[in-house]
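*Asks:* After the structure tokens below, expect a handful of questions from me.
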């Protein structure tokens, strides 16, 4: 079995695409209308996708606080500097639970926790 994608309901599709492209480094794979008032975009990296759905009938997006998407980075300090330059608040961290890994969290435009992790 292979994990294919994670779906996130979003308030503003353009804002979310910009975040996942510019901050996370994902590429827009495909974008299409999925019926009246509904648009879907798939962001991709390394064979795994994040599906973003904007639905005009569902603007009250409710993201759970206990889920996060993790993305590996080469250098955590450089990523933290980049995040600060983009005026994005660091939600928590850096955290180093053991000698082999270090990470921090930010929130995407919809409140999804995004974890940037460096394997040491």
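*Asks:* So, residue 112, is that one at pLDDT 95 or above, within 30 Å of residue 38 (Cα to Cα), surrounded by 11 or more Cβ atoms within 10 Å (Cβ to Cβ) and not assigned by TED's automatic domain parsing to the domain that holds residue 21 or not? Let's see the steps before the verdict.
*Replies:* Details: at pLDDT 95 or above: no; within 30 Å of residue 38 (Cα to Cα): yes; surrounded by 11 or more Cβ atoms within 10 Å (Cβ to Cβ): yes; not assigned by TED's automatic domain parsing to the domain that holds residue 21: yes.
Answer is no for this residue.
*Asks:* Look at residue 88 and say whether it is outside any loop (DSSP other than H, G, I, E, B), in contact with a helix residue (DSSP H, G or I) (Cβ under 9 Å, 6 or more places away or on another chain) and closer than 19 Å to residue 19 by Cα. Lay out the reasoning, then the answer.
*Replies:* Working: outside any loop (DSSP other than H, G, I, E, B): no; in contact with a helix residue (DSSP H, G or I) (Cβ under 9 Å, 6 or more places away or on another chain): yes; closer than 19 Å to residue 19 by Cα: yes.
Criteria not met by residue 88.
*Asks:* While we're here: In this structure, is residue 101 in contact with a helix residue (DSSP H, G or I) (Cβ under 9 Å, 6 or more places away or on another chain) and either closer than 23 Å to residue 13 by Cα or surrounded by 11 or more Cβ atoms within 10 Å (Cβ to Cβ) (or both)? Step through it out loud before you land on a result.
*Replies:* Numbers: in contact with a helix residue (DSSP H, G or I) (Cβ under 9 Å, 6 or more places away or on another chain): no; either closer than 23 Å to residue 13 by Cα or surrounded by 11 or more Cβ atoms within 10 Å (Cβ to Cβ) (or both): yes.
Judged against the criteria, residue 101 is not a match.
*Asks:* Moving to a separate point now. Among the residues of region 8-47, which ones are in contact with a strand residue (DSSP E or B) (Cβ under 8 Å, 6 or more places away or on another chain), more than 17 Å from residue 69 (Cα to Cα) and part of a helix (DSSP H, G or I)?
*Replies:* Scanning region 8-47 gives a single hit, 13.
*Asks:* Can you find, within region 48-78, the residue that is surrounded by the most Cβ atoms within 10 Å (Cβ to Cβ) among those that are touching a helix residue (DSSP H, G or I) at 6+ places or on another chain (Cβ under 9 Å) and part of a strand (DSSP E or B)?
*Replies:* Checked region 48-78; the qualifying residue surrounded by the most Cβ atoms within 10 Å (Cβ to Cβ) is 52.
*Asks:* Can you tell me which condition residue 72 does not meet? The list is (1) outside the structural domain of residue 7 (by TED's automatic domain parsing); (2) out of contact with any strand residue (DSSP E or B) (no Cβ under 7 Å at 6 or more places or on another chain); (3) touching a residue at least 40 places away in the same chain (Cβ under 8 Å), and all the others hold.
*Replies:* Evaluating residue 72 over (1) outside the structural domain of residue 7 (by TED's automatic domain parsing); (2) out of contact with any strand residue (DSSP E or B) (no Cβ under 7 Å at 6 or more places or on another chain); (3) touching a residue at least 40 places away in the same chain (Cβ under 8 Å) leaves (2) as the failure.
*Asks:* Ok, one more. If a residue must be at positive phi and either in a strand (DSSP E or B) or in contact with a strand residue (DSSP E or B) (Cβ under 6 Å, 6 or more places away or on another chain) (or both), how many such residues does region 91-116 contain?
*Replies:* Within region 91-116, the subset at positive phi is 93, 111.
Subset that is either in a strand (DSSP E or B) or in contact with a strand residue (DSSP E or B) (Cβ under 6 Å, 6 or more places away or on another chain) (or both): 93.
Qualifying residue count for the region: 1.
*Asks:* Which is touching a helix residue (DSSP H, G or I) at 6+ places or on another chain (Cβ under 9 Å) and surrounded by 11 or more Cβ atoms within 10 Å (Cβ to Cβ), of 82, 42?
*Replies:* On the way: 42 fails: touching a helix residue (DSSP H, G or I) at 6+ places or on another chain (Cβ under 9 Å).
82 is the lone residue from the list that is touching a helix residue (DSSP H, G or I) at 6+ places or on another chain (Cβ under 9 Å) and surrounded by 11 or more Cβ atoms within 10 Å (Cβ to Cβ).
The values are calculated or read from the model by the stated rules, or taken from the named source; none is laboratory data. What you are looking at is a predicted structure, and each value in this text was computed from that prediction instead of being measured. We place every Cβ from the backbone using ideal geometry, glycine too, and count neighbours over all the protein chains shown.
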